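Engineer: Would you mind keeping the following structure in view while I ask a few things?
The values are calculated or read from the model by the stated rules, or taken from the named source; none is laboratory data. The shown structure was predicted, so the numbers you read here are calculated from the model rather than taken from an experiment. Don't worry about glycine lacking a Cβ; one is built from the backbone with ideal geometry, like all the others, and counts go over all protein chains shown.
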Amino acid sequence: MQQEPWKIQLGELDKKLGVVVLEESAERVVATMPVAGNTQSFGLLHGGAMACLAEAVGSWAAVVHASSLGKVAVGVDINATHHASGRSGVVTATATAIHLGRTLCSHEIIIVDEAGKRLCTARITNAVVERKG
């Protein structure tokens, strides 16, 4: 028997970053984050903030997938390549499923600025495991 899909709930870090979820499914999660409040010392969007956003949307998609199997998802690997700097406005992260399996799932995450310029490409892999307790 399949359970109801899990709904995304923001964690404390997500709230501090100003993340807003626009769309959620195992195949695709879309969220935004403001540049303001997430900059490094030179006034540019912090690469770590982009990595956090990428991990959040990729993990959420994995959790939605795992919950449909009555399981949970746990992170195994993430990598991010930063192509350009965000300077202002809002960035949008889109996690798209690469593989949705019974034991592993992988998502590609693309982060763009308001003009559609790619700022970051990330990939996350999550293990799909049995719930404990």
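Engineer: If you scan the stretch 31-81, which residues turn out to be touching a helix residue (DSSP H, G or I) at 6+ places or on another chain (Cβ under 8 Å), surrounded by 19 or more Cβ atoms within 10 Å (Cβ to Cβ) and either outside any helix (DSSP H, G or I) or without any contact (Cβ under 8 Å) to a residue 24 or more places away in the chain (or both)?
Structural biologist: Ala31, Met33, Asn38, Ala73, Ala80, listed by residue number.
Engineer: Quick one: in the stretch 104-121, of everything that is surrounded by 13 or more Cβ atoms within 10 Å (Cβ to Cβ) and among the hydrophobic types (A, V, I, L, M, F, W, C), which residue is farthest from Ser25 (Cα to Cα)?
Structural biologist: Among those that are surrounded by 13 or more Cβ atoms within 10 Å (Cβ to Cβ) and among the hydrophobic types (A, V, I, L, M, F, W, C), it is Leu119.
Engineer: It is to be established whether one or more residues within the stretch 86-100 are more than 17 Å from Ile8 (Cα to Cα), small (Gly, Ala, Ser), touching a strand residue (DSSP E or B) at 6+ places or on another chain (Cβ under 9 Å) and not in a loop (DSSP other than H, G, I, E, B).
Structural biologist: Taking every residue of the stretch 86-100 in turn, none turns out to be more than 17 Å from Ile8 (Cα to Cα), small (Gly, Ala, Ser), touching a strand residue (DSSP E or B) at 6+ places or on another chain (Cβ under 9 Å) and not in a loop (DSSP other than H, G, I, E, B).
Engineer: Now for a different question. Have a look at Gly101, Gly86 and point out the one that is surrounded by fewer than 17 Cβ atoms within 10 Å (Cβ to Cβ), touching a residue at least 24 places away in the same chain (Cβ under 8 Å) and at negative phi.
Structural biologist: On the way: Gly86 fails: surrounded by fewer than 17 Cβ atoms within 10 Å (Cβ to Cβ).
Answer to the selection: Gly101.
Engineer: Return the residues of the stretch 42-72 that are at pLDDT 95 or above and polar (S, T, N, Q); say none if nothing qualifies.
Structural biologist: Once the filter is applied, which keeps residues that are at pLDDT 95 or above and polar (S, T, N, Q), the stretch 42-72 yields only Ser59.
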